[in-house]
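Report on the following structure.
The values are calculated or read from the model by the stated rules, or taken from the named source; none is laboratory data. Keep in mind that this is a model prediction, so the values were computed, not measured. Every residue, glycine as well, gets a Cβ built from its backbone with ideal geometry; the counts of neighbours run over all protein chains shown. Please note that ligands, DNA and RNA were not included when accessible areas were found on the heavy atoms of the full protein model with its side chains. Shrake-Rupley method; radii C 1.70, N 1.55, O 1.52, S 1.80 Å.
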Amino acid sequence: MGTNVLEPVQEIGFQNPNEHGYYGSFGGAYIPEMLQRNVAELKEGYLKIMAEPSFQEEFRQLLKDYVGRPTPLFYAERLSAELNSNIYLKREDLCHTGAHKINNTIGQILLARRLGKTRIIAETGAGQHGVATATVCALKGMECIVYMGEKDIERQAPNVARMKLLGATVIPAVSGSKTLKDATNEAIRDWINNPVDTHYIIGSVVGPHPYPDMVARFQSVISEEIRTQLLEKTGSENPTHVVACVGGGSNAAGAFYHYLDELSVQLVAVEAAGHGITSGMSAATTQLGKSGVLHGSKSLVMQTEDGQVVEPHSISAGLDYPGIGPLHANLFKSGRGTFLSATDEEALEAAFHISKIEGIIPALETAHAFAALSRLNLTPNDVVVVCLSGRGDKDLATYMKAMGL
Amino acid sequence: MSKLSEVFKNKSNNVLNVYCTAGYPQLDSTLAIINTLQANGADIIELGMPYSDPLADGPVIQASSSVALANGMTIATLFKQLRELKEKKAAIILMGYMNPVLQYGFEKFCADAAAVGVDGLILPDLPEYEYETEYGAIIKKYGLDFIFLVTPETSEERVRKLDALSSGFLYAVSSSSTTGNEKDFNAVEKYLERLQSMKLKNPILVGFGIKDKTTFSAACKYANGAIIGTAYIKALEGSTNVEQTTKTFLEGILK
């Protein structure tokens with residue numbers, strides 16, 4: 001980076017990107033001209049539409065009556081005793097469809113309707129975002145096309161069936177490595193070819209500006225609720241730590257959001273180390289990535305020396321992404337966030353352990369966050385909120401295999 | 001005067017720009033392709049720098065990128081090949097995506113490209129804000145032309161801005177689509193007429209959907225020339241003699 005134009009602007013803090021979509025030196029909208037109109041339309045409209053009272057009313061109502069919000073903040077007694085600290089679980093696993101993903105798809109479908117769009121496209125890796133998108137499309141009677149890597153379609157048959165049951169068309173991405181990043185490429189191509197009637201619901205805090213900010217705002221309901229609930233339970237709305245797993249980073253963005261500029265709150269992001277950071281089979285983007293451009297924004301990207309994007313590995317399909325949202329890249333680079341990682345094996349162990357001591361089977365993604373707790377050197381004075389981003393039903397096949405069943 | 005400006009000074013109509021992915025179909029096809037193209041009527045040669053995630057390209061060009069990458073093509077290798085080019089008649093431009101260029105080092109990339117005889121750049125995912133604030137000055141420092149794309153969805157105000165920032169020529173995408181899509185060409189005539197009536201600073205080349213003599217002639221009615229990519233890549237697929245394939249392909253367009 002040669003000039004100072006894109007360097008961090010401290011006054012705007014960690015929550016909001018600047019007008020060009022930059023969080024420090026990460027973000028922006030690196031898109032071909034064919035996407036310009038669509039992205040400009042969103043950029044000019046999203047904040048205005050989201051601020052409209054009728055939008056807020058419909059969004060809040062659906063979050064309450066359809067998604068089941070507010071989700072509980074649960075004091076995990078046995079886990080707290082084990083760690084000699086105070087651990088609260090934000091129960092996003094109790095959202096309709098089983099994960100936080102639906103907070104964003106509800107928001108975006110309402111936005112798409114106000115922009116006059118009639119057709120929805122989405123990308124999905126494990127299928128959670130695809131299911132959340134198909135769900136809101138069914139709810140609002142919109143055409144839904146979900147791009148999914150051919151390999152992921154084979155690996156995630158139950159979610160493919162769910163999407164179809166909900167009326168979506170699932171199109172296999174057969175290019176490149178045939179996984180999430182290629183599904184994202186195919187969705188972007190679809191958008192280029194259908195610039196007028198189509199809205200693209202991106203599932204994470206990635207993509208060109210304004211997507212990272214828009215998705216973070218829709219997910220910010222997580223930390224908004226944590227503040228109120230924590231105040232009620234502890235007398236303070238601030239915990240000492242918020243811990244969340246990070247792939248692209250949408251549940252972490254939501255759980256961190258209202259604490260981003262509360263510097264006393266330690267924000268802990270846990271990435272997937274796969275077989276180990278140095279194994280060549282990992283998805284820990286902040287450890288292995290370099291600054292680059294992927295899917296329309298500048299961020300940290302796992303890539304070869306020649307700048308070709310590499311295929312990451314994680315046992316958890318939701319963390320199996322070679323990039324990370326620009327908001328998180330800025331938290332990493334600035335030191336505002338603490339970035340840890342957990343291996344496939346550690347995540348499995350944590351999932352089994354939490355199931356046994358708390359009676360909650362977490363998603364494999366979330367299990368990474370639990371796996372990192374013991375590394376935080378917690379004390380009895382600490383108050384830790386873990387974002388329990390999703391439930392583990394979808395991972396049953398992986399759990400059964402690991403249990404030898 | 002830049003080589004691209006010379007091309008349009010000598011020839012204000014029917015300018016033919018042929019795209020091919022560097023390192024396709026074979027790693028060392030590039031020079032033979034350039035030589036045959038420039039000997040048989042191509043005025044501009046656009047070399048694609050293969051990338052793992054080329055989101056502005058359609059399936060045919062993307063597949064050629066994958067083949068080229070598997071063949072081992074890199075920016076450094078392409079520069080090495082271009083250094084060995086003995087005779088340069090056509091203008092040569094590079095088309096690619098930001099990420100590999102950033103990894104190579106943006107300024108080093110511009111310096112090395114200029115040194116091996118590259119005349120201009122097309123980087124579809126370099127937006128005008130970043131061009132204006134950071135990269136444009138570096139591109140100009142090394143005397144390279146930079147070509148922006150416009151589409152039927154681009155507003156007049158924006159077309160004028162992108163025209164002002166571009167040099168060499170302006171790339172008119174004939175419909176809002178990834179490369180290789182075949183949409184009714186008549187539908188885009190209006191758009192090309194509109195561009196023509198705007199009296200822009202740069203010559204205009206039409207790209208996307210140009211595949212044969214008929215579409216090439218139609219495009220040239222409203223613009224200074226056209227860009228052919230996907231149709232040529234299709235012709236090269238499975239070719240055992242790229243020289244002959246290229247000659248036959250160009251004859252089909254120009255004769």
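Residues in the stretch A:190-202 that are closer than 22 Å to B:Tyr51 by Cα and facing chain B (nearest Cβ under 8 Å): A:Ile192, A:Asn193. When the stretch A:340-395 is filtered for residues that are under 16 Å from the mean Cα position of the chain (by Cα) and open to solvent by 30 Å² or more (accessible area, probe 1.4 Å), only A:Arg391 remains. Within the stretch A:305-312, not a single residue is within 27 Å of A:Leu94 (Cβ to Cβ), outside the structural domain of A:Thr124 (by TED's automatic domain parsing) and within 23 Å of the chain's Cα centre (by Cα). Total residues in the stretch B:218-255 satisfying the condition of being open to solvent by 70 Å² or more (accessible area, probe 1.4 Å), part of a helix (DSSP H, G or I) and without any contact (Cβ under 8 Å) to a residue 40 or more places away in the chain: the figure is 3. Within the bounds of the stretch A:151-172, is there any residue that is open to solvent by 60 Å² or more (accessible area, probe 1.4 Å), touching a residue at least 12 places away in the same chain (Cβ under 8 Å) and among the acidic types (Asp, Glu)? Checked the stretch A:151-172: no residue is open to solvent by 60 Å² or more (accessible area, probe 1.4 Å), touching a residue at least 12 places away in the same chain (Cβ under 8 Å) and among the acidic types (Asp, Glu). Flag set for A:Phe55, criterion: farther than 25 Å from A:Ala187 by Cα and at pLDDT 95 or above. Among strands (runs of 3 or more DSSP E) entirely within the stretch A:259-333, having at least 2 residues that are touching a Phe, Trp or Tyr at 6+ places or on another chain (Cβ under 7 Å) and modelled with pLDDT of 95 or more singles out A:266-274, A:297-301. A single entry from B:Lys86, B:Lys108 fulfils the requirement of being closer than 17 Å to B:Ile34 by Cα, among the charged types (D, E, K, R) and more than 19 Å from the chain's Cα centre (by Cα): B:Lys86. Does B:Thr215 satisfy the condition of being part of a helix (DSSP H, G or I), open to solvent by less than 60 Å² (accessible area, probe 1.4 Å) and among the polar types (S, T, N, Q)? In short, yes. A:Ile226 meets all of the listed conditions (1) crowded, with 24+ Cβ neighbours inside 10 Å; (2) not assigned by TED's automatic domain parsing to the domain that holds A:Phe74 but one, namely (2). Condition first: out of contact with any Leu (no Cβ under 8 Å at 6 or more places or on another chain) and either assigned by TED's automatic domain parsing to the domain that holds A:Ala132 or of a type in the set (Gly, Ala, Ser) (or both). Can you find one or more residues in the stretch A:283-290 that meet it? Checked the stretch A:283-290: at least one residue is out of contact with any Leu (no Cβ under 8 Å at 6 or more places or on another chain) and either assigned by TED's automatic domain parsing to the domain that holds A:Ala132 or of a type in the set (Gly, Ala, Ser) (or both). Between B:Val242, B:Val150, the distinction of being within 12 Å of chain A (Cβ to nearest Cβ) and at pLDDT 90 or above belongs to B:Val150 only.
Would you say A:Arg60 is open to solvent by 20 Å² or more (accessible area, probe 1.4 Å) and modelled with pLDDT under 95? No. Residues that are without any contact (Cβ under 8 Å) to a residue 24 or more places away in the chain and surrounded by fewer than 20 Cβ atoms within 10 Å (Cβ to Cβ) within the stretch B:136-152 comprise B:Ala137, B:Lys140, listed in sequence order.
Of the residues in the stretch A:122-133, none is surrounded by fewer than 24 Cβ atoms within 10 Å (Cβ to Cβ) and not hydroxyl-bearing (Ser, Thr, Tyr). Could you list all residues from the stretch B:108-126 that are more than 13 Å from every other protein chain (Cβ to nearest Cβ), open to solvent by 10 Å² or more (accessible area, probe 1.4 Å) and part of a helix (DSSP H, G or I)? B:Ala111, B:Asp112, B:Ala114, B:Ala115, listed by residue number.
Among the residues of the stretch A:274-298, those identified as open to solvent by less than 20 Å² (accessible area, probe 1.4 Å) and within 11 Å of another protein chain (Cβ to nearest Cβ) are A:Gly292, A:Val293, A:Leu294, A:His295, A:Gly296, A:Ser297, A:Lys298.
Name every residue in the stretch B:66-77 that is more than 9 Å from chain A (Cβ to nearest Cβ) and among the small types (Gly, Ala, Ser), in order of residue number. Across the stretch B:66-77, the qualifying residues are B:Ala68, B:Ala70, B:Gly72.
Let's see how each residue does on (1) touching a residue at least 60 places away in the same chain (Cβ under 8 Å); (2) under 30 Å from A:Ala183 (Cβ atoms):
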site	(1), (2)
B:Gly58	yes, yes
B:Phe79	no, no
B:Lys88	no, no
B:Ala91	yes, no
B:Met98	no, yes
B:Leu102	no, yes
B:Val118	no, no
B:Ala164	no, no
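If you check A:Lys233, A:Lys140 for being open to solvent by 30 Å² or more (accessible area, probe 1.4 Å) and either farther than 19 Å from A:Thr105 by Cα or not assigned by TED's automatic domain parsing to the domain that holds A:Tyr46 (or both), only one passes: A:Lys233.
Applying the criterion of being within 28 Å of A:Asp197 (Cβ to Cβ) and of a type in the set (Ser, Thr, Tyr) to the residues of the stretch A:70-116, the residue that is surrounded by the most Cβ atoms within 10 Å (Cβ to Cβ) is A:Thr105.
Exactly one residue out of A:Ala157, A:Ala187, A:Ala183 is within 11 Å of another protein chain (Cβ to nearest Cβ) and of a type in the set (A, V, I, L, M, F, W, C): that is A:Ala187. Candidates B:Gln62, B:Gln26: the one that is free of Cβ contacts under 8 Å to residues at least 12 places away in the same chain and within 19 Å of B:Gly238 (Cα to Cα) is B:Gln62. Do we find a residue being in a loop (DSSP other than H, G, I, E, B) and either crowded, with 19+ Cβ neighbours inside 10 Å or out of contact with any strand residue (DSSP E or B) (no Cβ under 6 Å at 6 or more places or on another chain) (or both) anywhere in the stretch B:127-135? Yes: one or more hits. Summed over the stretch A:301-322, the residues that are within 14 Å of chain B (Cβ to nearest Cβ) and open to solvent by 20 Å² or more (accessible area, probe 1.4 Å) give a count of 7.
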